[in-house]
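The values are calculated or read from the model by the stated rules, or taken from the named source; none is laboratory data. Treat the numbers as computed from the prediction; the structure is a model and nothing was measured. A quick note on method: Cβ atoms are made from the backbone with ideal geometry, for glycine too, and the neighbour counts reach across all protein chains shown. To get the accessible areas, we keep the full protein, side chains included, count just its heavy atoms, and leave off ligands, DNA and RNA. Shrake-Rupley method; radii C 1.70, N 1.55, O 1.52, S 1.80 Å.
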Amino acid sequence: MALQGFGTTQFQLVLLRRMADFNPGLVEEAVRRLGSSRAELREANRRWQAMIRAPRFPRGAGRFTLVLGPPESSRPLRIGDLGCTARQWLLPLWPELRFEVLLGPGSPGGGAGPVLNEWLVRAEGSSPPDLRSLADLTPWSCVVSDVAEAFPPAVPREGSAPTRWQLDFAAPGPAGVPRDLTADFTWGLLQEVRTADGA
């Protein structure tokens, strides 16, 4: 059962708040699609920040289950030598994506492991966009794995905040000549692409 007064809509507003630094126009349109306002976006983010700092608020995956309800799917996932678990939820704003919480190995008593990552990923069975050049890399069109698979070998880097990631890679520019690029992602969703020379 989701937390009273704070559910899927409010959680989507929290994700949007972090994206507003890059694409305020897209965020404003998405807020309207949710039937919400800027004030509700700010309040959802304020409340989320207060909740995750509260001592009695669940830690790890439990906080997402409390807010979003049971995950749509939960599956084992091996990353190197780590046996992890990926839990995913559907968010209406991005029907072809899923909000994924990646959990590390659980405790000896069978408890859930720590949260290693939390971001939007491509939904199973959803076709990624056809990414061939810089022109195809439009905001909100793809997630980290889409870009990494389309333009190998992409090199991941930490972003400027915990919810942000970057990929360095090369892709053809307007003249068809490969250019060195950096893509910025928030919650795993593409926000902008910059060239090495800042253009």
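Going by the conditions given, is residue 120 assigned to a strand (DSSP E or B), in contact with a Pro (Cβ under 8 Å, 6 or more places away or on another chain) and over 19 Å from residue 80 (Cβ atoms)? Considered against the rule, which asks whether it is assigned to a strand (DSSP E or B), in contact with a Pro (Cβ under 8 Å, 6 or more places away or on another chain) and over 19 Å from residue 80 (Cβ atoms), residue 120 comes out as no. Being part of a strand (DSSP E or B), in contact (Cβ under 8 Å) with a residue 12 or more places away in the chain, in contact with an Asp or Glu (Cβ under 6 Å, 6 or more places away or on another chain) and surrounded by 15 or more Cβ atoms within 10 Å (Cβ to Cβ), is that true of even one residue in the range 99-106? Scanning the range 99-106 turns up at least one residue that is part of a strand (DSSP E or B), in contact (Cβ under 8 Å) with a residue 12 or more places away in the chain, in contact with an Asp or Glu (Cβ under 6 Å, 6 or more places away or on another chain) and surrounded by 15 or more Cβ atoms within 10 Å (Cβ to Cβ).
Within the span defined as the range 36-44, every residue fails to be under 24 Å from residue 166 (Cα atoms), of a type in the set (S, T, N, Q) and touching a residue at least 12 places away in the same chain (Cβ under 8 Å). Can you list residue pairs whose Cβ atoms sit under 6 Å apart, with the first residue in the range 140-166 being over 14 Å from residue 117 (Cβ atoms) and at pLDDT below 95 and the second being open to solvent by 40 Å² or more (accessible area, probe 1.4 Å) and in a loop (DSSP other than H, G, I, E, B)? Count only pairs 6 or more apart in sequence or on different chains. Every condition considered, no pair remains.
Return yes when residue 120 is of a type outside the set (Phe, Trp, Tyr), open to solvent by less than 30 Å² (accessible area, probe 1.4 Å), modelled with pLDDT under 95 and under 23 Å from residue 13 (Cα atoms) and no when it is not. No.
The number of residues in the range 12-34 being touching a residue at least 24 places away in the same chain (Cβ under 8 Å) and more than 15 Å from residue 187 (Cβ to Cβ) comes to 2. Residues 70, 76: which one is without any contact (Cβ under 8 Å) to a residue 60 or more places away in the chain and outside any strand (DSSP E or B)? Going through 70, 76 in turn, just one is without any contact (Cβ under 8 Å) to a residue 60 or more places away in the chain and outside any strand (DSSP E or B): 70.
Inside the range 129-144, can you point out the residues that are closer than 17 Å to residue 187 by Cβ, touching a helix residue (DSSP H, G or I) at 6+ places or on another chain (Cβ under 9 Å) and open to solvent by 30 Å² or more (accessible area, probe 1.4 Å)? Residues satisfying the conditions are 139, 140.
Within the range 21-54, restricting attention to residues that are of a type in the set (Gly, Ala, Ser) and crowded, with 18+ Cβ neighbours inside 10 Å, the residue that is farthest from residue 72 (Cα to Cα) is 36. Among (1) modelled with pLDDT under 95; (2) part of a helix (DSSP H, G or I); (3) more than 15 Å from the chain's Cα centre (by Cα); (4) not aliphatic (A, V, I, L, M), where does residue 10 come up short? Looking at each condition in turn, residue 10 falls short on (1). Looking only at residues of the range 167-176 that are in a strand (DSSP E or B) and open to solvent by 30 Å² or more (accessible area, probe 1.4 Å), we find that the one that is nearest to residue 122 (Cα to Cα) is 168.
Checking each residue in the range 55-81 for being at positive phi and exposed (fewer than 14 other Cβ atoms within 10 Å of the Cβ) picks out only 80. Taking residue 179, is it more than 20 Å from the chain's Cα centre (by Cα), farther than 16 Å from residue 15 by Cα, assigned to a strand (DSSP E or B) and at pLDDT below 95? Criteria met by residue 179.
Restricting 147, 155, 193 to those that are loosely packed, with under 13 Cβ neighbours inside 10 Å and more than 13 Å from the chain's Cα centre (by Cα) reduces the list to 155.
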